[in-house]
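What follows is a short report on a single structure.
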Amino acid sequence: MAHQMTQSEVTAVAALFVRSDSVYKTMPGVDCYDAERNALTWPGGCPVVAHPPCRTWGTLKAWVKSAPPGEHELATWAIEQVRRWGGVLEHPRGSSLFGECGCGGFDDESGGWLLDVDQFHWGHKARKATRLYIVGTRDIPPIPKREGQPTHNLSRLSRSKENRQNKGPHLPELSGKAREASPPEFAKWLVEIARRCVRPERAP
């Protein structure tokens, strides 16, 4: 019979800036920080999976009418945590966060590297071009390849190149909740990356 890991045997991971109904809350060994718990209160000490707010960083930021004070800075704080403790940060592929924080393509001065993926391959209903910043490992789980086409667009303003060229009916737009939520398999994949990360030696 296969050995079932106990809670104490599971490598601890912190999931920062997750939804109140996040799939991360169902995963053993994942310490979740939603809006109510406040990621800024996280004391550190283990690798992280970070999903900081992105609306003031993305390609559609010109359409953002307002954001709570301090929201923009949460993403740079999250980059700092990944660099200190190891882990992975997720943001839209077009986010300006990575350039502003000096995140390199395959290696930067903090030992971090960037990886571009599409959440469609983990079950998202739309094409969701995503950029990951990883510190602490080069060993990542296999990236799945999903056949077929998406059934939805992220939004009217973010239709993929393929759909813009489509002569048929436009795909329906996802709700805000569906657009933001991480597919369960993608969340598990990110947690596995974080569990493979070791704290950077340069960290105090």
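The values are calculated or read from the model by the stated rules, or taken from the named source; none is laboratory data. Quantities reported herein were computed from a predicted structural model and do not represent experimental measurements. Every residue, glycine among them, receives a Cβ derived from its backbone with ideal geometry; neighbour counts consider all protein chains shown.
Quick look at the values:
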read-out: Selection count where residues are at pLDDT 95 or above and outside any loop (DSSP other than H, G, I, E, B), scope segment 131-153; value: 5
read-out: Cross-chain or 6+ apart pairs with Cβ under 8 Å, segment 92-111 first and among the acidic types (D, E), then assigned to a loop (DSSP other than H, G, I, E, B); value: D108/G102; E109/G102
read-out: Of residues in segment 67-95 being small (G, A, S) and buried (at least 20 other Cβ atoms within 10 Å of the Cβ), the one farthest from T137 (Cα to Cα); value: S95
read-out: Of residues in segment 93-127 being among the aliphatic types (A, V, I, L, M) and part of a strand (DSSP E or B), the one nearest to L154 (Cα to Cα); value: V117
read-out: Residue within segment 72-92 that is under 16 Å from the mean Cα position of the chain (by Cα) and part of a loop (DSSP other than H, G, I, E, B) present; value: yes
read-out: Any chance C46 is crowded, with 17+ Cβ neighbours inside 10 Å, of a type in the set (A, V, I, L, M, F, W, C), modelled with pLDDT of 95 or more and in a loop (DSSP other than H, G, I, E, B); value: yes
read-out: Answer residue from segment 102-124, given it is surrounded by fewer than 19 Cβ atoms within 10 Å (Cβ to Cβ) and over 16 Å from the mean Cα position of the chain (by Cα) and is farthest from V23 (Cα to Cα) among those; value: E109
read-out: Exclusive hit being of a type outside the set (S, T, N, Q), out of contact with any Asp or Glu (no Cβ under 9 Å at 6 or more places or on another chain), under 25 Å from V198 (Cα atoms) and modelled with pLDDT of 95 or more, set G29, G87; value: G87
read-out: Residue identified as part of a helix (DSSP H, G or I) and either modelled with pLDDT under 95 or of a type in the set (K, R) (or both) among E162, E201; value: E162
